[in-house]
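The values are calculated or read from the model by the stated rules, or taken from the named source; none is laboratory data. Source: prediction; values computed, not measured. As a convention, Cβ positions derive from the backbone with ideal geometry for all residues, glycine included, and neighbour counts pool all protein chains shown.
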Amino acid sequence: MSRSTDQSTAPPPDPPPGGDDQNDLADALAVVLARIDEVRSHVERLVAVQVDRARIKLRERMVRVVAWWLVGAALAAATVCGTVYVLSGLTGGLSVAFGDRVWAGELAGGAIVLCGVAAVFVALVAWRRRVGFDRMARRYRRRDAEEARAAAGVPHHEGKGVSR
């Protein structure tokens, strides 16, 4: 009986060098390294796919921009050609009206075009001024309403869409 007691209290013997623990550790390390290589290859593929997608999107956008630019250039060219033909006909008709005086017809046609351009410019300036005045009037109306609420003691809410 004393013999079994001595054996149970004795520490376990040290494993011999190069034993099972080192083999298990080497096997586990090999598995981890294999998984790391697998993850690395998946990440490389994922990055390659994302780069390809970005290139395709960029190429599509560039093609779309160039296509719209070409459409705009073609429309501008057609507009210029049409304008030249209209003005040529206008000046020809005015020349006949002035008794075959070509210079008078061209002068009158040019004056008409310049007056039209000036009228468009004046209309755009007036529209822009009106928009600015409307914006300023809204700002002052809002400020006056806030001052009236503050004078009445109504709390001011910064957020939009807050019901009162």
Report task. Would you confirm whether any residue within segment 95-105 is on the phi > 0 side of the Ramachandran plot and loosely packed, with under 10 Cβ neighbours inside 10 Å? Result -> yes
Report summary line: CYS81: passes all of (1) assigned to a helix (DSSP H, G or I); (2) on the phi > 0 side of the Ramachandran plot but (2)
Requested in this report: Answer yes or no as to whether VAL131 is among the β-branched types (Val, Ile, Thr), under 32 Å from the mean Cα position of the chain (by Cα) and at pLDDT 90 or above.
Outcome: yes
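Yes or no, residue by residue, for (1) among the hydrophobic types (A, V, I, L, M, F, W, C); (2) in contact with a strand residue (DSSP E or B) (Cβ under 9 Å, 6 or more places away or on another chain); (3) modelled with pLDDT of 90 or more:
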residue: SER2; (1), (2), (3): no, no, no
residue: ASP6; (1), (2), (3): no, no, no
residue: ASP14; (1), (2), (3): no, no, no
residue: ALA30; (1), (2), (3): yes, no, yes
residue: ARG35; (1), (2), (3): no, no, yes
residue: GLU38; (1), (2), (3): no, no, yes
residue: GLY89; (1), (2), (3): no, no, yes
residue: VAL96; (1), (2), (3): yes, no, yes
Report task. Determine the pairs where a residue that is touching a residue at least 12 places away in the same chain (Cβ under 8 Å), located within segment 101-128, has a partner that is loosely packed, with under 13 Cβ neighbours inside 10 Å with Cβ atoms under 8 Å apart, the partner being 6 or more residues away or on another chain. Result -> GLY105/VAL96; GLY105/ALA97
Report task. Please verify whether segment 119-135 includes one or more residues that are assigned to a helix (DSSP H, G or I), closer than 23 Å to VAL86 by Cα and acidic (Asp, Glu). Result -> no
